[in-house]
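*Asks:* Okay, handing you the structure first.
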Amino acid sequence: MPVSCFRLDLHNHTAYSADGVLTPEALLVRARLRALDCVAVTDHNTVDGALEAAALAAADPSLPRVIPGVELTTAVGEIIGLYVREEIPSKLSLAESVARIREQGGLVYLPHPFDRLRRGAIAPSSRLEAARLADIVEVVNGRSLGPRVAAKAA
């Protein structure tokens, strides 16, 4: 029996984030060209781009499916909430941020946990707690420098 493959990318920003340049539509078109089946749109501290992308994907079955989310700034660094559709205030404690994500039925994703050069990376003193609270830990991030970062996350 052939093994089916499902290609997805769980950490994407649109122009709704300061570090994103693509519109939600352009992001989805590029994802389709790269043969991705699903993308999570996780703009910084807003779900607006994610909701726009989800609506576009729902209206056009040729586009990849969208998991709406947010890359949320907590008091100790960034976490991602997947399946989040309502805004969550930034700068809350890690525990409160996780609780707000879970209240929406979301999954907690720990992005770039060992990237020391990234401004928003989770504080080293909170890394273990964040990992315990997370459902998913990002191992590979295209913008992290060096293979040691990915190896530590793995």
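The values are calculated or read from the model by the stated rules, or taken from the named source; none is laboratory data. In this text, all values refer to a predicted model and were calculated from it rather than measured experimentally. Every residue, glycine among them, receives a Cβ derived from its backbone with ideal geometry; neighbour counts consider all protein chains shown. Accessible surface is based on the protein model in full, side chains and every heavy atom, while ligands, DNA and RNA are left aside. Shrake-Rupley method; radii C 1.70, N 1.55, O 1.52, S 1.80 Å.
*Asks:* I need a count of the residues in the range 1-39 that are in contact (Cβ under 8 Å) with a residue 60 or more places away in the chain and touching a Leu at 6+ places or on another chain (Cβ under 9 Å).
*Replies:* First pass over the range 1-39, keeping only residues in contact (Cβ under 8 Å) with a residue 60 or more places away in the chain: 10-11.
In the following step, the residues that additionally are touching a Leu at 6+ places or on another chain (Cβ under 9 Å) were identified as 10.
Here the count works out to 1.
*Asks:* Is it fair to say LEU10 is under 24 Å from LYS91 (Cβ atoms) and open to solvent by 10 Å² or more (accessible area, probe 1.4 Å)?
*Replies:* Details: under 24 Å from LYS91 (Cβ atoms): yes; open to solvent by 10 Å² or more (accessible area, probe 1.4 Å): yes.
Yes: the conditions hold for LEU10.
*Asks:* Among the residues of the range 67-112, which ones are part of a loop (DSSP other than H, G, I, E, B) and of a type in the set (A, V, I, L, M)? Steps first, answer last, please.
*Replies:* Taking the range 67-112 first, the residues part of a loop (DSSP other than H, G, I, E, B) are 75-76, 83-93, 104-106, 111-112.
ALA75, VAL76, VAL84, ILE88, LEU92, listed by residue number.
*Asks:* Would you confirm whether any residue within the range 10-31 is among the charged types (D, E, K, R), closer than 18 Å to GLY120 by Cα and not in a loop (DSSP other than H, G, I, E, B)?
*Replies:* Taking the range 10-31 and keeping what is among the charged types (D, E, K, R), we get 19, 25, 30.
So of that shortlist, the ones also closer than 18 Å to GLY120 by Cα come out as 19.
Remaining after also requiring not in a loop (DSSP other than H, G, I, E, B): none.
No; the residues of the range 10-31 include none that is among the charged types (D, E, K, R), closer than 18 Å to GLY120 by Cα and not in a loop (DSSP other than H, G, I, E, B).
*Asks:* Now a separate question. Do the conditions hold for SER62, that is, is it at pLDDT 95 or above, open to solvent by 10 Å² or more (accessible area, probe 1.4 Å), assigned to a loop (DSSP other than H, G, I, E, B) and closer than 24 Å to VAL29 by Cα? Lay out the reasoning, then the answer.
*Replies:* On the way: at pLDDT 95 or above: yes; open to solvent by 10 Å² or more (accessible area, probe 1.4 Å): yes; assigned to a loop (DSSP other than H, G, I, E, B): yes; closer than 24 Å to VAL29 by Cα: yes.
So SER62 passes the test.
*Asks:* Another question about this same structure. For LEU110, which of the numbered conditions (1) surrounded by 22 or more Cβ atoms within 10 Å (Cβ to Cβ); (2) within 30 Å of SER126 (Cβ to Cβ); (3) in contact with a Leu (Cβ under 7 Å, 6 or more places away or on another chain); (4) of a type in the set (A, V, I, L, M, F, W, C) fails to hold?
*Replies:* Of (1) surrounded by 22 or more Cβ atoms within 10 Å (Cβ to Cβ); (2) within 30 Å of SER126 (Cβ to Cβ); (3) in contact with a Leu (Cβ under 7 Å, 6 or more places away or on another chain); (4) of a type in the set (A, V, I, L, M, F, W, C), only one is false for LEU110: (3).
*Asks:* Suppose we filter VAL76, VAL66 for residues that are without any contact (Cβ under 8 Å) to a residue 60 or more places away in the chain, in contact with a Cys (Cβ under 9 Å, 6 or more places away or on another chain) and not hydroxyl-bearing (Ser, Thr, Tyr); which single one remains? Step through it out loud before you land on a result.
*Replies:* Values: VAL76 fails: in contact with a Cys (Cβ under 9 Å, 6 or more places away or on another chain).
Answer to the selection: VAL66.
*Asks:* Condition test on VAL47, is it within 19 Å of LEU110 (Cα to Cα) and either surrounded by fewer than 24 Cβ atoms within 10 Å (Cβ to Cβ) or of a type outside the set (Val, Ile, Thr) (or both)? Spell out how you get there, then give the answer.
*Replies:* Numbers: within 19 Å of LEU110 (Cα to Cα): yes; either surrounded by fewer than 24 Cβ atoms within 10 Å (Cβ to Cβ) or of a type outside the set (Val, Ile, Thr) (or both): yes.
The answer is yes for VAL47.
*Asks:* So in the range 81-107, with the set limited to residues that are open to solvent by 10 Å² or more (accessible area, probe 1.4 Å) and among the hydroxyl-bearing types (Ser, Thr, Tyr), which one is nearest to VAL41 (Cα to Cα)?
*Replies:* Per the stated criteria, the residue is TYR83.
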